[in-house]
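I have placed the structure first, in the form of structure tokens, so that the comments after it can refer back to it.
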Amino acid sequence: MTTTINSDEIVAIEERFQLATYKKMPLVAERGEGVWIYTSDGDRYLDLYGGHAVAGTGHCHPHVVKAIREQSEKLLFYSNLVYSGARARAAEKLVSIAPESLTKAFFCNSGTEANENAMRMARMTTGRENIITFSGGFHGRTADAISATFLGKYREIGEPNVPGHLKAEFGDIDSVRAVADDSVAAIMLEPIQSMAGVRMAGSEFYRALRELCDERGIVLIYDEVQTGVGRTGDWFFAGSDAGDSVVPDIITLAKSLGSGIPVGACLVTEEIASHIKENDLGTTFGGGMIAMAAVTATLEAIENDRLLANVCEVESYLREHLKEVEQVVQVHGRGFLLGLEFADKAKKVHEALLEQKIITGTSSDPKVLRLLPPLCLAKDQVDLLVDALRKIF
Ligand SMILES: Cc1ncc(COP(=O)(O)O)c(C=O)c1O
């Protein structure tokens with residue numbers, strides 16, 4: 001029998017027994033459905049942050065829950081030493097929605113791990129050492145990924161950093177050319193820099209990066225941990241109009257790929273795959289059956305519910321209606337990866353919205369509030385946000 005504990009007790013126990021590495025919002029999440037989070041006190045919050053961009057299909061999408069439940073009754077886990085129908089289906093489905101030249105998937109458990117493996121594959125493919133990443137980019141917190149992160153103080157947290165990392169300025173192709181010598185294995189970027197405040201480059205930047213990589217034999221890696229799996233209104237930023245149809249050699253994914261079940265992936269070209277042999281990469285849990293069932297069901301749910309079209313339609317509606325809030329100076333980003341820029345501190349807006357039971361995210365730019373809602377967000381829920389903002393101001 002489980003004993004019920006109230007929300008104050010839950011907070012006190014977590015504070016006491018969990019390492020205090022996150023500043024938490026004052027709510028105890030108990031249940032989720034679509035864009036809504038229900039607390040143990042019976043309150044309902046509109047979730048425009050999706051638990052760090054994870055709830056792409058919305059909380060507890062029935063198709064995903066069913067797939068996980070059914071798989072859990074058959075086999076929870078076996079490693080890559082055996083074949084599995086769940087893994088075969090996930091790999092085939094993921095490759096089928098990827099840009100045509102990305103034909104093989106490697107599965108792991110998180111975004112940082114996907115990026116570590118992508119950088120390793122680039123080094124193995126080229127026999128070179130250095131990776132160029134960008135000011136404002138965030139790629140994770142394990143040793144190589146944090147050393148590739150030039151946003152704020154993250155890199156310092158990871159000191160001593162591992163060697164093999166060079167920095168260029170996001171959006172400035174000349175700064176890339178200046179460091180892209182024959183020691184460079186890869187150029188890796190978040191095509192839309194999320195944590196930096198939802199920053200995009202002009203589409204010509206992505207095209208110029210592709211040309212530079214082709215010219216100098218460098219691997220181009222898109223970290224689509226946030227932008228992937230439908231968030232921008234396309235399956236991926238890679239190949240989309242916003243990025244001038246540029247396709248990199250590797251895409252990395254995580255976050256919403258498993259609708260909340262931890263899973264990461266790298267999608268790679270045949271050329272990259274041809275340099276990777278048995279035992280070069282590995283991870284115990286990568287490709288596990290529950291995660292794989294979640295991936296397939298996530299991608300099917302996005303298709304069945306026509307969520308890509310929904311993102312495009314509701315993004316336009318949101319942008320139009322945000323014009324009614326004059327304190328929103330600019331709206332950055334694409335699809336449901338949006339940065340609302342205010343003249344003053346976004347943190348205050350975040351807190352005021354939370355009081356009105358709307359969850360949003362802040363960013364490293366103090367003026368930018370981030371929205372990373374589930375892809376099923378509807379127009380009437382946008383109205384709730386706009387009304388709340390009007391009320392605040
Ligand atoms: C763009 C990007 N890359 C990588 C990561 C790291 O992913 P994870 O936290 O799953 O390791 C994040 C996490 O926020 C991210 O936003």
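Here are some notes:
- Residue in the stretch 208-219 that is crowded, with 23+ Cβ neighbours inside 10 Å and within 16 Å of the ligand (Cβ to nearest atom) present: no
- Boolean, residue 51 is touching a residue at least 12 places away in the same chain (Cβ under 8 Å) and open to solvent by less than 30 Å² (accessible area, probe 1.4 Å): no
- Cβ-Cβ contacts under 6 Å between residues 6 or more apart (or on different chains), taken from a first residue in the stretch 202-226 that is within 18 Å of residue 138 (Cβ to Cβ) to a second residue that is in a strand (DSSP E or B) and away from the ligand (no atom under 16 Å from the Cβ), are absent.
- Residue, nearest to the ligand (Cβ to nearest atom), within the stretch 99-118, restricted to residues that are over 19 Å from residue 194 (Cβ atoms) and of a type in the set (A, V, I, L, M, F, W, C): 108
- Taking the stretch 119-148 as the range and being touching a Ser or Thr at 6+ places or on another chain (Cβ under 7 Å) and either near the ligand (Cβ under 10 Å from one of its atoms) or of a type in the set (A, V, I, L, M, F, W, C) (or both) as the test, the residues that pass are 137, 138, 139, 140, 141, 142, 145, 148.
- In the set 204, 215, 211, only one residue is acidic (Asp, Glu), outside any strand (DSSP E or B) and within 27 Å of residue 365 (Cβ to Cβ); that residue is 204.
- Against the numbered list (1) closer than 22 Å to residue 296 by Cβ; (2) more than 10 Å from the ligand (Cβ to nearest atom); (3) among the charged types (D, E, K, R), residue 255 comes up short only at (2).
- Residue count for the stretch 73-104 under the criterion of being over 19 Å from residue 268 (Cβ atoms), open to solvent by less than 50 Å² (accessible area, probe 1.4 Å), part of a helix (DSSP H, G or I) and touching a residue at least 60 places away in the same chain (Cβ under 8 Å): the result is 1.
- Looking at the stretch 317-393, the strands (runs of 3 or more DSSP E) lying wholly inside it that each contain 3 or more residues that are farther than 28 Å from residue 38 by Cα and either modelled with pLDDT under 95 or open to solvent by 20 Å² or more (accessible area, probe 1.4 Å) (or both) sit at 328-334.
- Just one of the numbered conditions (1) closer than 27 Å to residue 292 by Cβ; (2) within 19 Å of the chain's Cα centre (by Cα) is not true of residue 154: (1).
- Residue within the stretch 229-242 that is open to solvent by 10 Å² or more (accessible area, probe 1.4 Å), in contact (Cβ under 8 Å) with a residue 60 or more places away in the chain and among the β-branched types (Val, Ile, Thr) present: no
- Of the residues making up the stretch 290-303, one or more are surrounded by fewer than 20 Cβ atoms within 10 Å (Cβ to Cβ) and either within 16 Å of the ligand (Cβ to nearest atom) or farther than 17 Å from residue 109 by Cα (or both).
- Sole residue being at pLDDT 95 or above and within 30 Å of residue 384 (Cβ to Cβ), chosen from 75, 102, 48: 48
- Residue 12 away from the ligand (no atom under 16 Å from the Cβ), among the aliphatic types (A, V, I, L, M), farther than 25 Å from residue 294 by Cβ and surrounded by fewer than 17 Cβ atoms within 10 Å (Cβ to Cβ): yes
- Filtering the stretch 175-195 to residues that are crowded, with 24+ Cβ neighbours inside 10 Å and of a type in the set (S, T, N, Q) leaves 193, 194.
- Screening residue 107 on (1) in a strand (DSSP E or B); (2) open to solvent by 60 Å² or more (accessible area, probe 1.4 Å) shows it passes everything except condition (2).
The values are calculated or read from the model by the stated rules, or taken from the named source; none is laboratory data. No experiment lies behind these values; they were computed from the predicted model shown. Every residue, glycine among them, receives a Cβ derived from its backbone with ideal geometry; neighbour counts consider all protein chains shown. All accessible areas refer to the heavy atoms of the entire protein, side chains included, with ligands and DNA or RNA removed. Shrake-Rupley method; radii C 1.70, N 1.55, O 1.52, S 1.80 Å.
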